[in-house]
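In what follows, a single structure is set out as structure tokens and then discussed.
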Amino acid sequence: MLILVINPGSTSTKMAVYEDEKPVVLRSISHSNEDLAHFDDVLDQFAYRRQLVLDELAQVGVPLQFDAVIGRGGLVKPIAGGVYEINQKMLDDTYSGIAMHNHACNLGCLIAHDIASQIPGCRSFIADPGVVDELNDYARISGSPLMNRICIWHALNQRAIARRYARGIGKRYEDLSLIICHLGGGISVAAHDHGRAVDANNALDGEGPFSPERAGSLPAADLIRLCFSGKYTEKQLLKRIAGKAGLNAHLGTANVKEIEERIRDYGDTHAELILNAMIYHIAKNIVAQGAVLCGHVDAILLTGGLARSEYVISRLRKRIEWVAPVYCFPGEDEMEALAMNALDVLRGQCNVSEYD
């Protein structure tokens, strides 16, 4: 089986070609600020990014003869986890902005479907998008009936890491209770209870620990006062929640390696305070998920780009390892996870869901 994988991000478009389980092409196409500056909206980048994928395939001599094309799922309506065949309803909801989020991941299903439609017999899928919602009833309720809790999290990578860990110890993901934390530009923490993520935060724009680029949970009354202060527009305030927030707002950079160098080489005590505060709040959110699982936690799994930082991981371990054994899986497993999800469907080893 030949599978094309497409994973659009804010500054790159990752693509891969898999022959069954084997990756034969892996590419990350970078996009500079100048490349994207003339697009008013993320969805306006569709033709540009699609053509870059097609050009890359032509350059490495891979013909358009795939059995499936699978894209990173976008921010459509909340759905259960799994693999979804891309249909017109999903495309319509992506274009309509149903989730009100202008994020590059929305391009995944659009490009995958477009390329697959050019190939006879080729199918197009998404898998475990960030809007996977399997929250328990308690988790949905906030302190105001005007607002329910929602989750937008790193579902694809968290599930892939959970299954990898389970295979490594000779068990199934569905047999385990896990707390998983994805440490990236945004940080998501989820309680996985025997194959379901029963609690997870809205890592995109408003809940959980602050991160390199996100503000996380904020004092509600202060935020309301700021909204009515007249100092900022709505667009500017949204940036203060996601983008120009977190480490980026405090220290002028979201690059943790650079911050570590400021601490180590220049004795920057303010940078040390802010970075350690982020680690502190991450630990609080991880440990809180132990209550969701009633203390029955088989393991805590740390993943994402920041999991490569010894500074971050060593300090996190000190605060959380009393809950359960801690295992680290640096980086992301999204490309392989997408490919294997598509392969399982093509082989009839897992069901495909319909988006409606």
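The values are calculated or read from the model by the stated rules, or taken from the named source; none is laboratory data. Just so we're clear, the structure is a prediction, and the values are computed from it rather than from any experiment. Cβ atoms come from the backbone with ideal geometry, glycine included; neighbour counts cover every protein chain shown. Remember, those area values only see protein heavy atoms, side chains included, never the ligands or the DNA or RNA. Shrake-Rupley method; radii C 1.70, N 1.55, O 1.52, S 1.80 Å.
Would you mind finding the one in D222, D265, D298 that is open to solvent by 60 Å² or more (accessible area, probe 1.4 Å), of a type in the set (D, E) and either at positive phi or touching a residue at least 60 places away in the same chain (Cβ under 8 Å) (or both)? If you could, list the steps in order and put the result at the bottom.
Values: D222 fails: either at positive phi or touching a residue at least 60 places away in the same chain (Cβ under 8 Å) (or both); D265 fails: either at positive phi or touching a residue at least 60 places away in the same chain (Cβ under 8 Å) (or both).
Result of the check over D222, D265, D298: D298.
Residues that are surrounded by 15 or more Cβ atoms within 10 Å (Cβ to Cβ), farther than 25 Å from Q289 by Cβ and touching a strand residue (DSSP E or B) at 6+ places or on another chain (Cβ under 7 Å): does the range 152-161 have at least one?
no
If I filter the range 151-176 down to residues being of a type in the set (K, R) and either in contact with a Lys or Arg (Cβ under 8 Å, 6 or more places away or on another chain) or not in a helix (DSSP H, G or I) (or both), which single residue comes out as farthest from C105 (Cα to Cα)?
Taking the range 151-176 as the starting set, the residues that turn out to be of a type in the set (K, R) are 159, 163-164, 167, 171-172.
From what is left, the residues that are either in contact with a Lys or Arg (Cβ under 8 Å, 6 or more places away or on another chain) or not in a helix (DSSP H, G or I) (or both) are 171-172.
Working: K171: 31, R172: 29 Å.
Only one residue tops the list, namely K171.
State whether the residues of the range 13-32 include one that is surrounded by 11 or more Cβ atoms within 10 Å (Cβ to Cβ), in contact with a His (Cβ under 9 Å, 6 or more places away or on another chain) and on the phi < 0 side of the Ramachandran plot.
For the range 13-32, residues surrounded by 11 or more Cβ atoms within 10 Å (Cβ to Cβ), in contact with a His (Cβ under 9 Å, 6 or more places away or on another chain) and on the phi < 0 side of the Ramachandran plot: present.
Tell me which residues, restricted to the range 225-249, are in a helix (DSSP H, G or I), farther than 28 Å from Y311 by Cα and open to solvent by 30 Å² or more (accessible area, probe 1.4 Å). Even if it seems obvious, please write down each step before you answer.
Applying the first criterion (in a helix (DSSP H, G or I)) to the range 225-249 yields 225-227, 234-241, 247-249.
Of the ones still in play, those that are also farther than 28 Å from Y311 by Cα are 225-227, 234-238.
Scanning the range 225-249 gives R225, L226, C227, E234, K235, Q236, L238.
Taking G108 as the residue in question, decide whether it is of a type in the set (G, A, S), crowded, with 22+ Cβ neighbours inside 10 Å and more than 17 Å from M15 (Cβ to Cβ).
Details: of a type in the set (G, A, S): yes; crowded, with 22+ Cβ neighbours inside 10 Å: yes; more than 17 Å from M15 (Cβ to Cβ): no.
It is false that G108 is of a type in the set (G, A, S), crowded, with 22+ Cβ neighbours inside 10 Å and more than 17 Å from M15 (Cβ to Cβ).
For A139, only one of the following conditions fails: (1) in contact with a helix residue (DSSP H, G or I) (Cβ under 7 Å, 6 or more places away or on another chain); (2) under 17 Å from H192 (Cα atoms). What is its number?
(1)
Name the single residue that is surrounded by the most Cβ atoms within 10 Å (Cβ to Cβ) among those in the range 33-69 being at pLDDT below 95 and among the aliphatic types (A, V, I, L, M).
By that ranking, first place goes to V42.
Does any residue of the range 302-313 turn out to be open to solvent by 50 Å² or more (accessible area, probe 1.4 Å), touching a strand residue (DSSP E or B) at 6+ places or on another chain (Cβ under 6 Å) and either without any contact (Cβ under 8 Å) to a residue 60 or more places away in the chain or in a helix (DSSP H, G or I) (or both)?
Taking the range 302-313 as the starting set, the residues that turn out to be open to solvent by 50 Å² or more (accessible area, probe 1.4 Å) are 308, 310.
Next, from what is left, pick out any that are touching a strand residue (DSSP E or B) at 6+ places or on another chain (Cβ under 6 Å): 308.
Checking which are either without any contact (Cβ under 8 Å) to a residue 60 or more places away in the chain or in a helix (DSSP H, G or I) (or both) leaves us with 308.
Looking for residues that are open to solvent by 50 Å² or more (accessible area, probe 1.4 Å), touching a strand residue (DSSP E or B) at 6+ places or on another chain (Cβ under 6 Å) and either without any contact (Cβ under 8 Å) to a residue 60 or more places away in the chain or in a helix (DSSP H, G or I) (or both), one finds at least one in the range 302-313, hence yes.
Can you tell me which of K77, K89 is open to solvent by 40 Å² or more (accessible area, probe 1.4 Å) and at pLDDT below 95?
Values: K89 fails: at pLDDT below 95.
Residue meeting the stated conditions: K77.
All but one of (1) within 19 Å of E207 (Cβ to Cβ); (2) open to solvent by 40 Å² or more (accessible area, probe 1.4 Å) hold for N276; which doesn't?
For N276, the exception is condition (1).
Restricting the search to the range 93-147, which residues are under 18 Å from A191 (Cβ atoms) and assigned to a loop (DSSP other than H, G, I, E, B)?
Those that are under 18 Å from A191 (Cβ atoms) and assigned to a loop (DSSP other than H, G, I, E, B): D128, G130, V131, D133, E134, L135, N136, I141, S142.
Of the residues that sit in the range 178-197 and are out of contact with any helix residue (DSSP H, G or I) (no Cβ under 6 Å at 6 or more places or on another chain) and at pLDDT below 95, which one is surrounded by the fewest Cβ atoms within 10 Å (Cβ to Cβ)?
Taking the candidates together, the pick is G185.
Residue-by-condition table, conditions (1) touching a residue at least 60 places away in the same chain (Cβ under 8 Å); (2) among the hydrophobic types (A, V, I, L, M, F, W, C); (3) closer than 20 Å to V345 by Cα:
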residue: V83; (1), (2), (3): yes, yes, yes
residue: K89; (1), (2), (3): yes, no, no
residue: T94; (1), (2), (3): no, no, no
residue: G97; (1), (2), (3): no, no, no
residue: L135; (1), (2), (3): yes, yes, no
residue: G143; (1), (2), (3): no, no, no
residue: L176; (1), (2), (3): yes, yes, no
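In the range 250-283, which residue that is in a helix (DSSP H, G or I) and within 21 Å of the chain's Cα centre (by Cα) is farthest from I180 (Cα to Cα)? Outline the logic, then answer.
In the first step, residues of the range 250-283 are kept if they are in a helix (DSSP H, G or I); the result is 250-251, 256-266, 269-283.
Among the residues that remain, those that are also within 21 Å of the chain's Cα centre (by Cα) are: 256-257, 278-279, 281-283.
Numbers: V256: 21, K257: 23, M278: 17, I279: 15, H281: 15, I282: 11, A283: 12 Å.
Selected residue: K257.
Residue by residue through the range 328-356, note down the ones that are hydroxyl-bearing (S, T, Y) and surrounded by fewer than 18 Cβ atoms within 10 Å (Cβ to Cβ).
S353, the sole residue that qualifies.
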